[in-house]
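Written out below as structure tokens is the structure these notes cover.
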Amino acid sequence: MRVIGLMSGTSYDAVDAAACDLEVLAGDGALHLTPLGMVSEPYPEGLRRALAAALPPSATTLADVCRLDTHIGQAFGRLAARADRELCDGQAELIASHGQTVYHWAADGRVHGTLQLGEPAWIAEATGRPVVSGFRPRDVAAGGQGAPLVSLIDLMLLRGRPGVPAALNIGGISNVTVVPRSGDPVAFDTGPGNALIDAAVRELSGGRLAYDEDGALAAAGQVHPALLERLLAEPYYRLPAPRTTGKELFHEGYLRSRLTGFGPLRPQDLVATLTRLTARTVADALRPLGATEVFASGGGVRNPTLTGMLRAELGGAAALRTSEELGLPAAAKEAYAFAVLGYLTLHGLPGNAPACTGATGPRVLGSITPGSRLLRLPAQPAPAPRSLSVRAPVPR
């Protein structure tokens, strides 16, 4: 089956579309994924500004939410149609859309609700293909955190590797999945990935810059020990797994409140300190779990200062690698993951890992919006695939 996965993360800077062929072969228990490529488009500037203005801790209105739901769905639909033309030769059979997370209602150690915008009807209308969307709420309704849903794909990729392998995604928020030698796997959000770094860069540049390109600001600065100590005192880092968070906590206002009383700081020193915070909290999360190798993905992988700090924090205990070594490009891994989750949903198969999200059991995730043709559900593969095998892409 040819599937397109659509993803926009907590940095809300762009929409990514990754296309792949997926098939289960009788007898080997594996789902085979052949990557077909990725395309990406930034949100239109007006939409990005409207989204930023509506996100916590800002106030918003139902009219704003309706407009965002429509415009985000249209942006996803345009990119999905482009991915079908350019990557699939017009032969895509399914679109899987994560949507744009705008609120993750976490309180008192559990998640009460989660909201992703990007109405799938616009995607189905733009492409004529069926769309699977709304993946997270079913896991939340079953008592889970609704995240990290990519943990199931991580488990399928990492099973059978020697030692204690781990997957790490550094987006706006960082999350890890760890497969221990014995016992259940563990997955959770470690804390801010790029969220606070990006917030500082935007504020320091008056909005001219969206992120610390190539980690240049952090590389030119010095870590401020007292500020780092205050940031590390955040209670979230001591919550037990599974735990999830988002920009509901780690936003511009949070950063301003933590800077109170420190006086003026050199911009480079502030960005260096926030970059060290991300590296330290990721390493602190992985160290007790005994990870021996870490496969990183997400936008943070493009920041050499951050990855250098993370290597230093991990020391010799765990080798830091990228998801390319598992066959999935670091920039596209999450989009491919949601393509797999969409495939599982269409086949009536669970898409969560209860040990990782905290759900009471496996659940089929999401809702299906039909395309322009009669919707025919495929026969369910039996049993559900336990591993994910990534094949080398066929030259076009």
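Bear in mind that the values in this text are calculations on the coordinates, not laboratory data. What you see is a predicted model; the values in this text were computed from it and never measured. Positions of Cβ are backbone-derived with ideal geometry, glycine not excepted, and every protein chain shown enters the neighbour counts.
Below is a table of values for the structure above.
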{"read-out": "Most fluctuating residue given options D108, D69, D21, as computed from a GNM of the chain linking Cα atoms under 10 Å", "value": "D108"}
{"read-out": "Most fluctuating residue given options A200, A353, A210, as computed from a GNM of the chain linking Cα atoms under 10 Å", "value": "A210"}
{"read-out": "Diffusion coefficient, µm² s⁻¹, Stokes-Einstein with Kirkwood Rh over alpha-carbon pairs of the chain at 4 °C and 1.567 mPa s", "value": "61"}
{"read-out": "Bridge type composition, the chain - antiparallel percent by DSSP, nearest 5", "value": "65"}
{"read-out": "Reference-scaled alpha-carbon Rg (2.2 N^0.38 Å with N residues) for segment 178-332", "value": "1.05"}
{"read-out": "Residues whose placed amide H lies under 5 Å from that of F295, excluding near-sequence neighbours", "value": "A166, A167, L168, R321"}
{"read-out": "5 Å-binned pair-distance histogram of segment 231-305 (Cα, whole percent)", "value": "3, 10, 20, 26, 21, 13, 6, 2, 0"}
{"read-out": "Principal semi-axes in Å for segment 338-396 [√(5λ), Cα gyration tensor, largest first]", "value": "22, 19, 11"}
{"read-out": "In order through segment 228-240: 3J(HN,Hα) via Karplus (6.51 cos²θ - 1.76 cosθ + 1.60), integer Hz, x for Gly, Pro", "value": "4, 4, 5, 5, 6, 6, 3, x, 3, 5, 9, 6, x"}
{"read-out": "Within a Gaussian network of the chain (alpha carbon springs, distance under 10 Å), most fluctuating of L232, L196, L149", "value": "L232"}
{"read-out": "With eigenvalues of the C-alpha gyration tensor scaled by 5 and rooted, segment 94-137, Å", "value": "27, 9, 5"}
{"read-out": "Where only C-alpha atoms are counted, convex hull volume of segment 1-89 per residue in Å³", "value": "118"}
{"read-out": "Around A272: net Lys/Arg minus Asp/Glu count, Cβ-Cβ under 13 Å", "value": "+1"}
{"read-out": "From phi via Karplus (6.51, -1.76, 1.60), per-residue ³J(HN,Hα) for segment 336-348 in Hz, x at Gly/Pro", "value": "5, 4, 6, 4, 5, 4, x, 4, 4, 4, 4, 8, x"}
{"read-out": "Rh by Kirkwood over Cα pairs, then Stokes-Einstein D for segment 250-396 at 1.002 mPa s and 20 °C, µm²/s", "value": "112"}
{"read-out": "Under-5 Å amide H pairs with S389, H placed in peptide plane, nonlocal only", "value": "L31, H32, L33"}
{"read-out": "Amide H partners (placed H, <5 Å) of T10, local residues excluded", "value": "G172, I173"}
{"read-out": "Two-decimal log10 I(q)/I(0) for segment 137-209, as the Debye equation yields it once each C-alpha is a single scatterer, q = 0.14, 0.18, 0.24 Å⁻¹", "value": "-0.57, -0.77, -1.03"}
